[in-house]
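The values are calculated or read from the model by the stated rules, or taken from the named source; none is laboratory data. Just so we're clear, the structure is a prediction, and the values are computed from it rather than from any experiment. Every residue, glycine among them, receives a Cβ derived from its backbone with ideal geometry; neighbour counts consider all protein chains shown. Keep in mind that these areas ignore ligands, DNA and RNA; they rest on the heavy atoms of the full protein, side chains included. Shrake-Rupley method; radii C 1.70, N 1.55, O 1.52, S 1.80 Å.
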Amino acid sequence: MKRIVGIKASPGIAIGRAFILDRRIPRVEKKSIPEKRVKREIKRFLSALKQSRKQVETIRESLDSDGVEELATILESHVMLLKDKALERDIITIIEEQQVDAQWAVSEQIGRFKKLLSSVGDEYLAGRTSDLDDLRNRILLNLRGGGSSTLADVSDGAIVIAHDLTPSEAAQMGKTGIAAFATELGSRTSHVAIMARATETPAVVGVASVLQHVKQGQRVIIDGLEGVVIISPTPKHIEKYESKRDVYEYYVTELLSAADLPAETRDGFRIAVEANIESPDDIASAVRHGASGIGLYRTEYIFMQKAHIPIEEEHFLIYKSVAEQIAPRSATIRTIDLGGEKLAEGIRLPPQLNPALGLRAIRLSFVKLDIFKQQIRGILRASVYGTLKIMFPMISGIEELRKAKSIVEECRRELTAEGKPISEEMEIGIMIEVPSATMTADILAAECDFFSIGTNDLIQYSVAIDRANEAVAYLYNPLHPGILRAISRIVDAAHSHRIGVGVCGEMAGEPVYALMLLGLGVDELSMNPLAIPAVKKIVRNSQLSEALEIARKALDFTTVQQIEAYIHRVMSKRYPQEIASLSL
Ligand code: PEP
Ligand code: MG
């Protein structure tokens, strides 16, 4: 038995067999083999080829039904290459004649093929060389064995162990029947962790070297409550974790039964507790967990899950469905926040040295104006089907806010001229997640309808730490006095301009911070649906005066350690179960 501690990313406990997702491309060196091994080597190659074909066909079939045509066409060409008899024969000839291992023969022949394509002088063909690289890597990974390079092979109830997952792979989790996952990279606010919570998949991230310790098919336990991975547990451990799982599930059911009650303190002070979603499919869970609206819809996931750029009509239909499903409550549609670690197939970005500080979010939308306008038009058209609000990400100053608003105005005029109905009263707000926006919150508040504090990025940019980098995760602390002062300052600026202010970063969904945020004066908390019932329960069982006292004391301390010790002491005493099972 081995126990490895990581960072808890999504609550819950799962016990199952490991599915190793390993995309590290093996290094290829020329290895001679004795003559008597040649036949076996050819057989090994043919079996890897067959496996590769099957994988690509499975992915292609799953895409056909989604209508993702471009990607389906690319995969079609992969299948054709994998079925190409000449390529197969040439690789076999290399193994036979040079008496080398299959890895070398595959690399060699595909390398020759690439050179040939590049030398023809045809731009399209030259562009296909990356397809050949993909294919070579896939065959090499299958030759290496011991793990899979794609989630297409995963079976129900499996526990995925990977170096890293892309956010869109994490988004597929809910549909694949995966019981839980653990990754070597990642932090609590990385997008993979956010997706895990959205799909209710227990997960632990930042588990150093976990791939070195787990073998394919080995039994593992993922404890997303403690952030622990247990490899090869003894029957005694399994029993212990089964009972821990049952207790947790019972507790969740109990919380859920009161989820619809309002988040109102004993002395009658109410705040809105809303849900963050990454897809309209998450709305059912949001409502079930008692959300009083959608405080943040991360629309970039629409782009990340498609191989093409969505057009206005697709946007319209998605937001219409959101508006209708959540009505009479409201939904805040955040315009695309692509760039940084969130990449989309359809949008090619030049390599950037510091992507988080580069062309990201609203900056990218201004550059890709056509894509941005299609989204805005889609939101405006959907606005008549319910209550939608528009929110811009990563605003750093008033010029950006004005420019973004003027684009909305332009779309509004166009749609009106085209005779399309749009709602007259749509609120427009901004994320406060850049330090310069914090410092100019009073200026920004004068020209928008609401603020939502994105603490994930606000901490990243204020403390200067990469939010997805587990090596500096220890510095990622929402209780940094600089962050608490920033929140307090933003709240004051918003309230002096009579606009509402929410928090939608992961901090909002940590029950341990609930009363402090309430005391700091925020009007709304928006979080992953799973956290809603516990946060509401805490608010319902408290007095506003308690919350004010907690916030006042927290603001008085000078170090993170003091604030942390204080908040944890007070909250663990008042709400032991909520804090123990769901908090940091
Ligand atoms: C944030 O930065 O806190 C936020 C909510 O946005 P995202 O996590 O999508 O960057
Ligand atoms: Mg953000």
- So, by mean Cβ neighbours within 10 angstrom, what's the order for 291-299, 487-495 with the highest one leading? 291-299, 487-495
- Task: Could you let me know the centre-to-centre spacing of the range 379-447 and the range 196-243, using Cα atoms, in angstrom?
- Result: 43 Å
- Task: With θ set to phi - 60°, apply the Karplus curve 6.51 cos²θ - 1.76 cosθ + 1.60 along the range 553-565 and write out the HN-Hα couplings as whole Hz, x wherever there is a Gly or Pro.
- Result: 5, 4, 5, 7, 6, 10, 10, 4, 4, 5, 5, 4, 4
- Message: Going by average Cβ density within 10 Å per residue, which order do the peptides 94-103, 3-12, 552-561 take, highest to lowest?
- Response: 3-12, 94-103, 552-561
- Hey, what do the phi angles of the range 541-551 turn into as Karplus ³J(HN,Hα) couplings, whole Hz, using 6.51/-1.76/1.60 and θ = phi - 60°, x for Gly and Pro? 9, 10, 10, 4, 4, 4, 4, 5, 5, 4, 5
- Task: Note down the net charge around residue 12, summing +1 for each Lys or Arg and -1 for each Asp or Glu among other residues with Cβ under 9 Å from its Cβ.
- Result: -2
- For the range 203-211, 3J(HN,Hα) per residue [Karplus equation, 6.51 cos²θ - 1.76 cosθ + 1.60, θ = phi - 60°, Hz, x = Gly/Pro]: 7, 10, 10, x, 8, 4, 6, 4, 5
- Query: For the peptides 300-308, 395-403, 261-269, what is the packing order when you average, over each peptide's residues, the other Cβ atoms within 10 Å and list the highest mean first?
  - Reply: 300-308, 395-403, 261-269
- Residue pairs, from the table 8/244; 50/215; 2/175; 114/368; 320/405, whose Cα atoms sit over 25 Å apart: 2/175; 114/368
- Sorted by accessible area (1.4 Å probe), largest first, how do 52, 496 line up? 496, 52
- Task: Quick one: grab Rg to one decimal and Dmax as a whole number for the chain, Cα atoms only, in Å.
- Result: 25.9, 85
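How much of the accessible area of the chain, in percent, comes from carbon and sulfur atoms when a 1.4 Å probe is used?
That share works out to 52 percent.
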- Under a plain spin-label model, where a point goes 7 Å from the Cα along Cα-to-Cβ, how far apart in nm are residue 562 and residue 366? 4.0 nm
- Residues whose placed amide H lies under 5 Å from that of residue 332, excluding near-sequence neighbours: 294, 295, 296, 297, 389
- Note on the structure: Residues meeting the amide H criterion for residue 10 (H placed from the backbone, H to H distance under 5 Å, 5 or more places apart or on another chain) are 203
- Note on the structure: Classified through the alpha carbon gyration tensor (a ≥ b ≥ c as square roots of its eigenvalues; rounded if a/c is under 1.5, else prolate when a/b is larger than b/c, else oblate), the range 269-582 comes out prolate
